[in-house]
Amino acid sequence: MSSSVTQLVIDLPHRPARGRRDFLVSGCNAAALGWIDRWPDWPDGVLSIHGPAGCGKTHLAHVWRERTAALLLDGGSLTGAEPVLTAAIAAAAVAVDDADRAPEVPLLHLYNLCRERRVPLLILAPAAPPLWPIALPDLASRLRAAASIGIDRPDDALLGAILVKHFADRQLRIMPEVVAYVVPRMERSFAAAAALAAALDRAALSGGRSVTVPLARRVLAEGGQSSSDLGVT
């Protein structure tokens, strides 16, 4: 029997920390967080936050939900108006993540209901509403009139902090020398940080070892940064 043992890789679910204290603040996202903290002083009670995948939009929605007890909806799930409107009527506030994926008619009805009932509405999407290909003129005009704030790409300090947070979410520790090695060499995006943390976690588990600079070098060389299956927002 071979003395080597193949380590089974089990992708255990991990729960990201999404409290107010867990949100990492830098110049790229401070304005968006400021708008969340400014609630309820939003023009017309509506705010749109946009930014690339993994930039923290969903995290901000959870921070806002802690303050408002908001109903958090996924835009792609708004396939029928009635169930959504029924839930929204009883809600103290409403947030729609990936709102650009929502069918236009239900989204318009939801927007109108929130305005009529003075229910605060938070809209989150990768791009600002003026860039969405909206066919309904009423929906386009309403969304484009809402206050809108963007989140930019992370700087080095934030990118390193994001990597540390992703590992902490997985109950793992990454050494400072590993962070210092990968930050200048990785794709400069929030989604890439999440994907790289997942790839390093898998590689460490499969080899039965800790995350080291040589391991990080190998994972980077293998291109272990695909974010297509991570669902980061």
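Since every read-out is calculated from the coordinates, none of them should be taken as a lab result. Just so you know, these numbers come straight off a predicted model, no measurement behind them. Neighbour counts run over all protein chains shown; Cβ positions are idealised from the backbone, glycine included.
Which whole-number percentage describes the relative contact order of the chain, with Cα contacts under 8 Å and a sequence gap of 6 or more? Each step should come with its number before you reach the end.
Details: 365 pairs, mean separation 58.4, N = 233.
It rounds to 25 percent for the chain.
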Spin-label model distance (nm) - S141 vs R101, 7 Å beyond Cα toward Cβ: 3.0
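Roughly what percent of Cα-Cα pairs across segment 20-150 reach past 23 Å?
Working: 2018 of 8515 pairs.
Result: 24 percent of Cα pairs exceed 23 Å.
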Within a 10 angstrom radius of the beta carbon, how do F167, F190 rank from fewest other beta carbons to most? F167, F190
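Over segment 156-221, what is the mean sequence separation of C-alpha contacts under 8 Å (at least six apart), divided by residue count, expressed as relative contact order in percent?
Details: 53 pairs, mean separation 23.5, N = 66.
Relative CO of segment 156-221 lands at 36 percent.
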Roughly what would the spin-label model give for A180 and D156, points 7 Å off Cα along C-beta, in nm? 1.1
In degrees rounded to 10, the 0-90 angle between helix 190-207 Cα long axis and the longest Cα principal axis of the chain is 30
Using r as the Cβ-Cβ distance of R217 and R118, and R0 as 45 Å, what FRET efficiency do you calculate, to the nearest 0.05? 0.25
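Treating only the Cβ atoms of Lys and Arg (+1) and Asp and Glu (-1) as charged, compute the dipole magnitude of the chain about its Cα centre; round to the nearest 20 debye. All intermediate terms of the calculation are to be shown ahead of the outcome.
Values: 24 positive and 23 negative charges, 105 e Å.
About 500 debye.
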Fewest-first ranking of H109, H59, using other Cβ atoms within 10 Å as the exposure measure: H109, H59
Would you please classify the overall shape of segment 59-115 from the alpha carbon gyration tensor, given that a ≥ b ≥ c denote the square roots of the eigenvalues, rounded means a/c under 1.5, and beyond that prolate means a/b larger than b/c while oblate covers the rest? oblate
Using a basic spin-label model with each label point 7 Å from the Cα along Cα→Cβ, how many nm lie between I89 and E66? 3.2
Residue-averaged [θ]222 nm for the chain, counting only DSSP H segments that reach four residues, each worth -39500 (n - 2.57): -13000 deg cm²/dmol
Identified option (computed semi-axes √(5λ) of the Cα gyration tensor in Å; candidates (i) 38, 18, 16; (ii) 42, 19, 16; (iii) 30, 22, 15): (i)
Exposure proxy ranking, count of Cβ atoms within 10 Å, fewest first, for C55, C114, C28: C28, C114, C55
Decide, for segment 118-208, between rounded, prolate and oblate: order the square roots of the alpha carbon gyration tensor eigenvalues as a ≥ b ≥ c, take rounded if a/c falls under 1.5, and otherwise choose prolate if a/b is larger than b/c, else oblate. prolate
